[in-house]
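Participant: My questions all concern the structure below.
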Amino acid sequence: MNTWAIQHDPESYPDGDIFDPTRFLKNDLGSNDDINVAESDISRQKTYAFGAGRRICAGQRMAENSMLLSMAKIVWAFDIKPAGEEVLDTSVKTAWKDAILTGPKEVPLSFKVRGDGKRRVVAKEWQKADAFLKRYE
């Protein structure tokens, strides 16, 4: 399916190329439509990144939950800023690779731990994860 076209319909998604997370405050779809999608309604989805219909990815919920937890932990522990003085490019036309499977271009970022307490927690969790993963080397 053409997910780009679905989420760039000018009637439902005006300015679809603009990064504006506040559009989701109005409704679950982030569209102009005067609806909110119930979890059980599979005719409209918040995202089509995992497919749709009977061929939808079975691991969607696990992936979304894992990403949410990972992002929350990173934001909790680090201040994240662009490296240098440059402004981040968020344009759909220029900030993404042009390929079959598209993704963002490399972005130079700076991660700074938010204090010694958080540094100790990150180091402890790193050691635990490293010890666990060594079993698979």
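The values are calculated or read from the model by the stated rules, or taken from the named source; none is laboratory data. These numbers were taken from a predicted model, which means no experiment stands behind them. Every residue, glycine as well, gets a Cβ built from its backbone with ideal geometry; the counts of neighbours run over all protein chains shown.
Participant: From the list THR90, THR94, exactly one residue is outside the structural domain of ALA5 (by TED's automatic domain parsing) and surrounded by 11 or more Cβ atoms within 10 Å (Cβ to Cβ). Which is it?
Facilitator: Values: THR94 fails: surrounded by 11 or more Cβ atoms within 10 Å (Cβ to Cβ).
Only one candidate qualifies: THR90.
Yes/no matrix, rows are residues, columns are (1) under 15 Å from the mean Cα position of the chain (by Cα); (2) touching a residue at least 12 places away in the same chain (Cβ under 8 Å):
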| residue | (1), (2) |
| --- | --- |
| ALA52 | no, yes |
| CYS57 | no, no |
| ASN65 | yes, no |
| LYS112 | no, yes |
| ASP130 | no, no |
| ARG135 | no, no |
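Participant: Now a separate question. Taking the stretch 83-135, which residues are closer than 30 Å to ASP15 by Cβ and part of a strand (DSSP E or B)?
Facilitator: Pass one, the stretch 83-135, residues closer than 30 Å to ASP15 by Cβ: 83-110.
Across the stretch 83-135, the qualifying residues are TRP96, PRO104, LEU109, SER110.
Participant: Restricting attention to the stretch 79-98, does a residue exist that is within 30 Å of ALA5 (Cβ to Cβ) and among the basic types (Lys, Arg)?
Facilitator: Pass one, the stretch 79-98, residues within 30 Å of ALA5 (Cβ to Cβ): 87-98.
This time we only want the ones that are among the basic types (Lys, Arg), so: 93, 97.
Looking for residues that are within 30 Å of ALA5 (Cβ to Cβ) and among the basic types (Lys, Arg), one finds at least one in the stretch 79-98, hence yes.
Participant: While we're on this one: What is the one condition in (1) at pLDDT 90 or above; (2) assigned to a helix (DSSP H, G or I) that ILE80 does not satisfy?
Facilitator: Going through the list (1) at pLDDT 90 or above; (2) assigned to a helix (DSSP H, G or I), ILE80 breaks only (2).
Participant: Right, something else. Restricting the first residue to the stretch 3-30 and requiring it to be outside any loop (DSSP other than H, G, I, E, B), which pairs with a second residue that is of a type in the set (Val, Ile, Thr) meet a Cβ separation below 9 Å and a spacing of at least six or different chains?
Facilitator: THR3/THR47; TRP4/VAL92
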